[in-house]
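Novice: Quick one: structure below, then a few questions.
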Amino acid sequence: MEFLFIVLAYVIGAIPFSYLFGKKFKNTDLRKHGSGNLGTTNAFRVLGKTIGIFVLILDITKSGLLVLIIKHNPSILGVEMLHPLYYGLASVVGHIFPLWMKFKGGKGVASSFGLLIAYAPFVGIGLLPFFLLVIYLTKYVSIASTSTAIMTLITVTILNLTIGPPQYDLPLVTVTTIVTILIFYRHKDNFIKILNGNENKTYLFKDKIKNKLKK
């Protein structure tokens, strides 16, 4: 039964909220617009802020849901579950490689964040300022995402070596390593676009206003 929950986690993670919301409310196939990616960033850019926020919340929730449940209920119906982070990882994999979307989903950033804040909330929330700062300085969500993934891995590794279990255990380091690899893999095209000078930029706070004034 514990392995059936892995399948359930994958199925939940593979729900393409950005695609469903785009078709339902904007009659738009997100795969054919913007970057073509079924993730939160493309949802914001193509579908607008309101839908983007809903997509963000749901993408975070779908990977963190089972992690949170199993973290506080390690035994369900008398069956000992696997480590909660394995279910979160299955959801992230489902988000990135959804079966019904021909294995072309999002890039796993929001869903990975959901996994992290469900298991180690202080780490996830604590790294948010770093993520926003990198976006502000570089203007690239892709650089912020990959930089934060590396910083997360460094952070949980240090915490595992210093504080250790139960909160900062080896599975946290292992799953974070796998997720970091997946995030870098899904951003490989973005790195090429940055080198070619045609990657979309994101402007935050006053910087966004300045950019509009320049135009």
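Novice: Does Thr138 meet the test of being surrounded by fewer than 20 Cβ atoms within 10 Å (Cβ to Cβ), more than 24 Å from Tyr86 (Cβ to Cβ) and in contact (Cβ under 8 Å) with a residue 60 or more places away in the chain?
Specialist: When the stated conditions are applied, Thr138 does not pass them.
Novice: Can you work out which of the residues in region 3-19 that are in contact with a helix residue (DSSP H, G or I) (Cβ under 9 Å, 6 or more places away or on another chain) and farther than 17 Å from Gly106 by Cβ is surrounded by the most Cβ atoms within 10 Å (Cβ to Cβ)?
Specialist: It comes out as Phe5.
Novice: Okay, next question. Within region 20-28, can one find any residue that is surrounded by 18 or more Cβ atoms within 10 Å (Cβ to Cβ), under 23 Å from Ile183 (Cα atoms) and either of a type outside the set (Val, Ile, Thr) or in contact (Cβ under 8 Å) with a residue 40 or more places away in the chain (or both)?
Specialist: No, there is no match, as no residue in region 20-28 is surrounded by 18 or more Cβ atoms within 10 Å (Cβ to Cβ), under 23 Å from Ile183 (Cα atoms) and either of a type outside the set (Val, Ile, Thr) or in contact (Cβ under 8 Å) with a residue 40 or more places away in the chain (or both).
Novice: Identify the residue in region 70-110 that is hydroxyl-bearing (Ser, Thr, Tyr) and in contact (Cβ under 8 Å) with a residue 40 or more places away in the chain and, among all such residues, is nearest to Lys188 (Cα to Cα).
Specialist: Ser91
Novice: Another question, then. If I go through region 117-158 residue by residue, how many of them are over 17 Å from Leu204 (Cβ atoms) and either in contact with a Leu (Cβ under 8 Å, 6 or more places away or on another chain) or of a type in the set (Asp, Glu) (or both)?
Specialist: The number of residues fulfilling the criteria is 9.
Novice: Suppose we filter Lys32, Lys71 for residues that are at pLDDT below 95 and either surrounded by 14 or more Cβ atoms within 10 Å (Cβ to Cβ) or in contact with a Pro (Cβ under 7 Å, 6 or more places away or on another chain) (or both); which single one remains?
Specialist: Working: Lys32 fails: either surrounded by 14 or more Cβ atoms within 10 Å (Cβ to Cβ) or in contact with a Pro (Cβ under 7 Å, 6 or more places away or on another chain) (or both).
After ruling out the rest, the residue left standing is Lys71.
Novice: Are there any pairs with C-beta distances below 6 angstrom linking a residue in region 47-59 that is farther than 22 Å from Tyr10 by Cα to a residue that is not in a helix (DSSP H, G or I), with the two at least 6 apart or on different chains, and if so which?
Specialist: Leu47/Lys26
Novice: Can you tell me which residues in region 70-115 are charged (D, E, K, R) and either at positive phi or not in a helix (DSSP H, G or I) (or both)?
Specialist: Quick first cut of region 70-115, residues charged (D, E, K, R) only: 71, 80, 102, 104, 107.
Matches in region 70-115: Glu80, Lys102, Lys104, Lys107.
The values are calculated or read from the model by the stated rules, or taken from the named source; none is laboratory data. If you're wondering where the values come from, they're calculated on a predicted model, not measured in any experiment. No Cβ is skipped: glycine too gets one built from the backbone with ideal geometry, and neighbour counts run over all protein chains shown.
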